[in-house]
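Taking it in order: structure first as structure tokens, then the write-up.
What follows draws every value from the coordinates through simple rules; no lab data is involved. Quick caveat: nothing in here was measured; it's all calculated off a predicted structure. FYI the Cβ positions are ideal-geometry reconstructions off the backbone, even for glycines, and counts take in every protein chain you see.
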Amino acid sequence: MRTSLPWILPAFLAVLSACTKPVQAELDETHAKLKALQERVLSVNRDLNDLNAIVTELVRLNKTVPDSFRETEDGYEVTFQDGKTITIHPGKDGLDGRVFPIGVDKDEDGRYYWTIDYSPEDEEGPVWLTDAEGNRLLAGAADGKDGIAPVLKVEEDAWWISTDGGVAFEKLADCSYLDGVGVFSDVDASDPERIRLIQWNGTELDIPRYSPVKVSFAGQPRDTLLIAGGERLTIPFEVLLEGGDDTGTPVVTSGTDGTYFSEIEMDAQSGTGVVKVQAPAVFTEGYILLQAYCGGASALKVISFRERVVSPADPVIPVRMGSGAETADILYEANFEYVLTPAASWLAVQADPETRTVSFQAESNPEPAVRICEVAVSPKDNPDFVMTTFRVYQATETLTIDTPEIQAPAAGGDFDVWITWTPERMQNLTCSAGEEWITAEMAVESGFCHLKVHVTPHEGETVREGSVSLIFGSVVPVGSVRIIQEAAPAAPGE
């Protein structure tokens, strides 16, 4: 027997509807959370790109901020001088105080790199963020290279990070871990001269504000200059003023670390001048400061010093040359560009930095005596300062004895007699003393020969004479030195 139950269908639908409402509510809640996460992802990636752009502006020359810096509903809007506008969104703490772990920091090389703090609650602090090969990620633009901002996404209830622009991702943390987002924890705009951006890891980025007058240095000085102990260096500079109809007259002052002395000479109307720097007698690392003021604005330049180095380091280097037309090459190396200044027309000098040699080309010596020419080596940027002196000695064809006769006292003594001849012949030159009371030997100094003569005391009552013969090739006499020694003084009462 069949029984009609017309009430069953409405009752079933009612029960189904009652069960569906909680499910729908849960789906709606899940959808809302997912949407919030996706919006957070978009916000984080936008902030990372903006941070990358801010760092780029900081390393550029036109990095001041115009008056268009203003507060908006969700942050701050900053417009740089090149027209680029960036919005800064201060973040908020997440649950349990968890904050956003990615930021930038400046390393010792002057560049900015991305950092990450895998455990913000610990005291270890952030570390450099690296790519798959272990290379640090450059932030902003430097040396013609553009930094790449990290890219984040949410997937499988976790945050994922990419260091190659979104090509490959690796898991960073679960979603609850990064519930507090925003690259910057705070923005401090209270200082009239700068805007301070504070990251969650404590690192601060300062953006100078716009000034109606901008002061900067042109041309030299470079950041680092070479200098030698005792050198006096003159450094030119020019003060550039930008903005304002009446900028006024710039003033430049200098200061040092106490090691170097400096003074300013300047034409205030043109804004050009020089700073004269005196290095200590013995080179010591140090620096000077140049500061320019005008119209309430200022500019600072730091000049540090490194040592000029030459090899060989002897202040005077002798160069020996024969009497004919010939060339002598001397090894010489410097860590700066230099100029050579010969003091005689008969000598030509040329430097070859590739082979690290200085070549000396001499004309034949027609004179009966040795001639000498000094060649000064000076820095190209400071030609008045002499680093090294080459002393060139050119021999003569005629054998020359500086002291052909020695007047020796009765007490005897030691005497030096200089001899000049062609280098080839001097190599075969010997000496011989004719008497027992005279000894002599050949010696070489600065490439030239001299006789070292010793005379013993004389006890006789009359003057005695002797000589030292100069012999070429052990057989040919070519000259001699005459020696006359006084008689012994008479005894008292004689």
Can you give me the distance in nm between label points at residue 402 and residue 45, each placed 7 Å from the Cα along the Cα-to-Cβ direction?
8.6
Other-chain or far-sequence residues with amide H under 5 Å of residue 323's (modelled H)
395
Which one, 443, 491, 365, projects farthest toward the positive side of the charge dipole computed for the stretch 357-494 from Cβ point charges (K/R +1, D/E -1)?
365
Distance in Å, no decimals, from the C-alpha centre of the stretch 130-171 to the one of the stretch 414-438 is 81
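Considering only DSSP states other than H, G, I, E and B, which GluC sites (Glu not before Pro) in the stretch 334-427 qualify as loop sites with at most 10 other Cβ atoms within 10 Å? Numbers along the way, then the final one.
Details: sites: 337, 354, 363, 374, 397, 405, 424; in loops: 337, 354, 363, 397.
Those satisfying the criteria are 354.
So if R0 is 45 Å, what FRET efficiency would residue 155 and residue 71 give, r being the distance between their Cβ atoms, rounded to the nearest 0.05? Mind showing how you got there, number by number?
On the way: r = 35 Å, r/R0 = 0.78.
Once rounded, the FRET efficiency stands at 0.80.
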May I ask you to compute the full-extension gain from residue 416 to residue 35, defined as 0.36 nm times their residue separation minus their alpha-carbon distance, rounded to one decimal in nm?
127.0 nm
Relative to the present Cα-Cα distance, how much length would full extension add between residue 291 and residue 118 at 0.36 nm per residue of separation?
58.1 nm
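Using the structure shown, select from 106/301; 35/171; 145/380; 276/301 the pairs with a Cα to Cα distance greater than 22 angstrom.
Working: 106/301 20 Å; 35/171 20 Å; 145/380 34 Å; 276/301 15 Å.
Table pairs above 22 Å Cα-Cα are 145/380.
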With a cut-off of at most 16 other beta carbons within 10 Å, and DSSP calling the residue loop, which GluC sites (Glu not before Pro) in the stretch 127-166 qualify? Please list them.
133, 156
Rg and Dmax in Å for the stretch 310-394, alpha carbons only: what are they?
12.7, 40
